[in-house]
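A short reminder: the numbers here are calculations on the coordinates, not readings from a lab. Quick caveat, the model's predicted, so the values are computed rather than measured. Cβ: placed from backbone, ideal geometry, glycine included. Neighbour counts: every protein chain shown.
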Amino acid sequence: MSDASNPQDRGLLARLAEGPVICAEGYLFELERRGYLQAGAFVPEVVLEHPDLVAQLHEEFVHAGSDVVEAFTYYAHREKLRLIGREQALEPINRQALALAASVARRHGALLAGDICNTNIYDPNDPAAADIVRSMFEEQVGWAMEAEVDFVIGETFSWAQEALIALDVIKATGLPAVITLAIHREPVTREGWTPAEACRRLEAAGATVVGLNCIRGPRTMLPLVARIRESVDCYVAALPVPYRTHEAEPSFQALTDPDCDCVPGGRPFPTALDPFTCNRFELGEFARATHDLGVDYLGVCCGAGPHHIRAVAEALGRRPPASRYSPDMSRHAFLGQDPSLNQRNLDYASRL
Ligand SMILES: [Zn+2]
């Protein structure tokens, strides 16, 4: 599977030992806004219906600097497929998502990651629910193993105890586990553990990388990540959503838009978040700030576009293929400095 003699094809631990690893996420939101995935249930049927588009998005994120191709199996679990009445598609969706990601990863020498996530049925007072959660993770991780993934991501867990079950299932494969928690308005997991405490437990249970993904934007994720970094010795992950969450509205579900009265239900999440979108420079700043803290696994979650990932890569000193097209405003007709530019247009710049 991995060949240490080929620098293009080494595992997660070798890559982390050399420097930060970038993982682009956010496939659900990107394919929803492109018109190929339905908001609400948010099930990635698109991997069967339009596999070419999923492969293309993987390509775009690698082009922009992602070191990892994450199989689009987020919410491709038994509970979600039950919800949309397509349980018979469970295995085909998973196998297809893994095959699409594998083809792009292998072509570019990127890491291939399997993915499991919050099941929405975990209940700390119901041992039977925990058993079902475990079996859901086992079937998905089994398909990931057959696709020869380099590691497995367990993500977006707001119950840390559910994350611990995911970790246990991944650990049984012998592959590295990247486990990230989703922290809502209250800065604790749903069982009331601080993120730092939850990450300490995940580290003790054998996670390779621990941290946070989704839900919080850069500004409200950063302080939590700083405390996690101080609390664990293992690698730390930070993958915010690219939205301007703030102290009073720390999660993207909490954001309100007083400038717009046409948002269904008055809640911008998930389909009217556009005005809150962070620009690429804000994501670059977040990447720089967290890397300075000692965070080694960086990315962007729901809402991310390739321009955000390129900004993260460039903030870390990389020049991915997409950097060939990074801005050069010196040749802009009105705002540039190139000596061949038309002076009448340059003089008009202040009136644009
Ligand atoms: Zn997300």
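When DSSP assigns beta bridges and you keep just the ones with both residues in the range 12-319, what percent turn out antiparallel, to the nearest 5?
Given both bridge residues lie in the range 12-319, the antiparallel proportion sits at roughly 5 percent.
Could you work out the relative contact order of the range 12-319? I mean the mean sequence separation of Cα pairs under 8 Å and 6+ apart, divided by the number of residues, in percent.
Result for the range 12-319 is 19 percent.
Could you give me the ³J(HN,Hα) list for the range 56-62, computed from phi with Karplus coefficients 6.51, -1.76, 1.60 and θ = phi - 60°, whole Hz, x at Gly and Pro?
Per residue, the Karplus-derived 3J(HN,Hα) values read 5, 5, 4, 4, 5, 6, 5 Hz.
What residues have an amide H closer than 5 Å to that of Gly154, excluding those fewer than 5 places away on the same chain, when H is modeled at 1.01 Å from N in the peptide plane?
For Gly154, the qualifying residues are Ile116, Val178, Ile179, Thr180.
Collect residues whose amide H, placed 1.01 Å from N in the peptide plane, falls under 5 Å from the amide H of Val236; neighbours closer than 5 in sequence don't count.
It is Val210, Asp296, Tyr297, by chain and number.
Output ³J(HN,Hα) for the range 198-209: one whole-Hz value per residue in order, computed from phi by the Karplus curve 6.51 cos²θ - 1.76 cosθ + 1.60 with θ = phi - 60°, and x for Gly and Pro.
With the stated coefficients, the range 198-209 comes to 4, 5, 4, 5, 5, 4, 4, 7, x, 5, 7, 10 Hz.
Filter the chymotrypsin sites (Phe, Trp or Tyr not before Pro) in the range 267-352 to those in DSSP coil with at most 13 other Cβ atoms within 10 Å of their Cβ, and list the result.
Tyr348
Hey, what do the phi angles of the range 242-248 turn into as Karplus ³J(HN,Hα) couplings, whole Hz, using 6.51/-1.76/1.60 and θ = phi - 60°, x for Gly and Pro?
Coupling constants for the range 242-248: x, 10, 7, 5, 8, 3, 6 Hz.
Using a/c under 1.5 as the rounded threshold, could you call the range 12-319 rounded, prolate or oblate? The axes a ≥ b ≥ c are square roots of the C-alpha gyration tensor eigenvalues, and prolate needs a/b larger than b/c, oblate otherwise.
Verdict is rounded for the range 12-319.
Tell me the label-point distance for the pair Arg318, Cys260, using the 7 Å Cα-to-Cβ offset, in nm and rounded to one decimal.
So the two model labels end up 3.1 nm from each other.
What number comes out for the charge environment of Glu282, summing +1 per Lys or Arg and -1 per Asp or Glu over other residues with Cβ under 12 Å away?
Neighbour charge sum, excluding Glu282 itself: +3.
Where Lys and Arg each count +1 and Asp and Glu each count -1, what net charge lies around Val43 among other residues with Cβ under 9 Å from its Cβ?
Neighbourhood net charge equals +1.
Out of residues 5 or more away from Leu111 or on other chains, whose amide H comes under 5 Å of its own, with H placed 1.01 Å from N in the peptide plane?
Val68, Val69
Can you check what the net charge comes to around Asp115, using other residues whose Cβ is under 10 Å from the Cβ of Asp115 (Lys, Arg +1; Asp, Glu -1)?
-3
Given 0.36 nm per residue, what is the gain on full extension from Ser103 to Glu191 after removing their alpha carbon distance, in nm?
Gain on stretching Ser103 to Glu191: 27.8 nm.
Once you put a point 7 Å from the Cα of Leu48 and another 7 Å from the Cα of Arg33, both along the Cβ direction, what distance in nm separates them?
Distance between label points: 2.8 nm.
Taking the highest mean first, how do the peptides 110-118, 145-153 order by number of other beta carbon atoms within 10 angstrom per residue?
110-118, 145-153
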